[in-house]
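The values are calculated or read from the model by the stated rules, or taken from the named source; none is laboratory data. Source: prediction; values computed, not measured. Using ideal geometry, Cβ is built from the backbone for each residue, glycine included, and neighbour counts are taken over all protein chains shown.
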């Protein structure tokens with residue numbers, strides 16, 4: 001005869017009665033991205049390039065995923081070009097911006113995502129004219145792009161953790177252009 005204790009599954013004391021399956025808390029997904037804060041001299045004055053997201057209307061910086069086999073610097077330059085149509089070169093690494101968000105689409109949908117973005121200060125190369133036809137034509141996540149005065153760019157960024165890096169880019173762009 002098999003005792004009742006032998007037929008019941010052993011309970012894991014760490015689970016504390018939490019149900020298995022769908023209702024269990026999902027782990028955070030980690031995403032590593034790269035992007036750039038681009039500066040240019042326009043009409044003799046340093047300017048910073050920001051994009052406006054189509055999904056929330058917030059001003060931000062061009063950034064995105066790092067493709068397999070691609071390094072962070074290459075991805076940052078590519079993302080700036082894909083989202084704004086502007087060709088840029090890296091001047092220096094500004095830092096990393098890490099934040100959490102709730103995924104809204106694709107494999108991240110419904111999951112908590114921990115994203116770290118390598119942010120580079122970049123210099124625009126060649127034409128600085130912005131063409132809306134070139135704003136992220138594939139994913140259509142960019143509603144607008146605009147050149148801002150450096151201090152205005154800092155105020156336009158809604159998130160404090162990113163605002164700190166944009167302020168650093170504003171300061172460096174002024175130093176590198178000698179206040180133009």
Checklist outcome for this item: Across (1) in contact with a helix residue (DSSP H, G or I) (Cβ under 9 Å, 6 or more places away or on another chain); (2) modelled with pLDDT under 85, residue 94 clears everything bar (2)
Checklist entry - Is there any pair linking a residue in the range 157-180 that is more than 15 Å from residue 61 (Cα to Cα) to one that is loosely packed, with under 13 Cβ neighbours inside 10 Å and modelled with pLDDT under 95, with Cβ under 6 Å and at least six apart or on different chains, and which? => result 180/44
Item to check | Residue, nearest to residue 48 (Cα to Cα), within the range 134-145, restricted to residues that are touching a residue at least 12 places away in the same chain (Cβ under 8 Å) and out of contact with any strand residue (DSSP E or B) (no Cβ under 7 Å at 6 or more places or on another chain) | outcome: 134
Checklist outcome for this item: Those residues of the range 79-113 which are in a strand (DSSP E or B), loosely packed, with under 15 Cβ neighbours inside 10 Å and more than 16 Å from the chain's Cα centre (by Cα) amount to 89, 92
Checklist entry - Of the residues 152, 133, which is at pLDDT below 95 and surrounded by fewer than 20 Cβ atoms within 10 Å (Cβ to Cβ)? => result 133
Item to check | Residues of the range 59-78 satisfying the condition of being in contact (Cβ under 8 Å) with a residue 12 or more places away in the chain, surrounded by fewer than 18 Cβ atoms within 10 Å (Cβ to Cβ), in contact with a helix residue (DSSP H, G or I) (Cβ under 9 Å, 6 or more places away or on another chain) and not in a strand (DSSP E or B) | outcome: none
Item to check | Filter pass, residue 120 being touching a helix residue (DSSP H, G or I) at 6+ places or on another chain (Cβ under 8 Å), under 25 Å from residue 151 (Cβ atoms) and at pLDDT below 95 | outcome: no
Item to check | Given (1) within 14 Å of residue 39 (Cα to Cα); (2) in contact (Cβ under 8 Å) with a residue 40 or more places away in the chain, index of the condition residue 81 fails | outcome: (2)
Checklist entry - So which residues in the range 132-171 are closer than 17 Å to residue 78 by Cα and in a loop (DSSP other than H, G, I, E, B)? => result 135, 136, 137, 138, 139, 140, 141
Checklist entry - Scanning for something touching a strand residue (DSSP E or B) at 6+ places or on another chain (Cβ under 8 Å) and within 21 Å of residue 167 (Cα to Cα), does the range 102-109 turn up at least one residue? => result no
Checklist entry - Taking the range 114-127 only, how many residues are part of a loop (DSSP other than H, G, I, E, B) and surrounded by 19 or more Cβ atoms within 10 Å (Cβ to Cβ)? => result 0
